[in-house]
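Please read the structure below before turning to the comments.
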Amino acid sequence: MKTSLKSQLENMGNIESRNAALNQLMPAIDEALATGFKHKEVLDLLAKHSIVINPKTFQNHLYAFRKGKDGSSPKKEIKKLEKKEEEIEPNKKPENLKEILDPKFREKYAEQFYEKKSLFKRKDQK
């Protein structure tokens, strides 16, 4: 039985690094697992093609791939959130439910209504 993973492994040239190879093969690996292959079978197939990987590391790579399957990585998501935080105007009223439920927007919006006070009083203040 010929799978796309086997064909990709056979057609793969020089492997720059194990991580680069896994990143390139991960869609085919996920497809093979979805069709019924077991993790051990995939690991054995990778080992035959000089890609030796610890089962736990393999699971971590698979988890990261599935988590970012929509093309976004956690680092990109963090940057998007930071950028979104900068774009929030404190006096802007929430326009929809998404903005109301966004904790960063709520916090920025609420800051305009209260005065920040120090938890500790200075010695010169009474």
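The values are calculated or read from the model by the stated rules, or taken from the named source; none is laboratory data. Since the model is a prediction, treat every value here as computed from it, not as a measurement. Using ideal geometry, Cβ is built from the backbone for each residue, glycine included, and neighbour counts are taken over all protein chains shown.
I'm trying to understand the selection: among the residues of segment 82-100, which are among the aliphatic types (A, V, I, L, M) and at pLDDT 60 or above?
Selection gives Leu97, Ile100.
Can you tell me which residues in segment 1-32 are surrounded by fewer than 16 Cβ atoms within 10 Å (Cβ to Cβ), modelled with pLDDT of 80 or more and aliphatic (A, V, I, L, M)?
Ala20
When you scan segment 57-76, do you find a residue that is part of a helix (DSSP H, G or I), modelled with pLDDT under 60 and either within 30 Å of Leu43 (Cα to Cα) or among the polar types (S, T, N, Q) (or both), even just one? Steps first, please.
We begin by selecting, within segment 57-76, every residue part of a helix (DSSP H, G or I); these are 57-67, 74-76.
If we keep only those that are modelled with pLDDT under 60 too, we end up with 74-75.
Restricting the remaining residues to those that are either within 30 Å of Leu43 (Cα to Cα) or among the polar types (S, T, N, Q) (or both) gives 74-75.
Within segment 57-76 (the criterion being part of a helix (DSSP H, G or I), modelled with pLDDT under 60 and either within 30 Å of Leu43 (Cα to Cα) or among the polar types (S, T, N, Q) (or both)), the answer is yes, since at least one residue qualifies.
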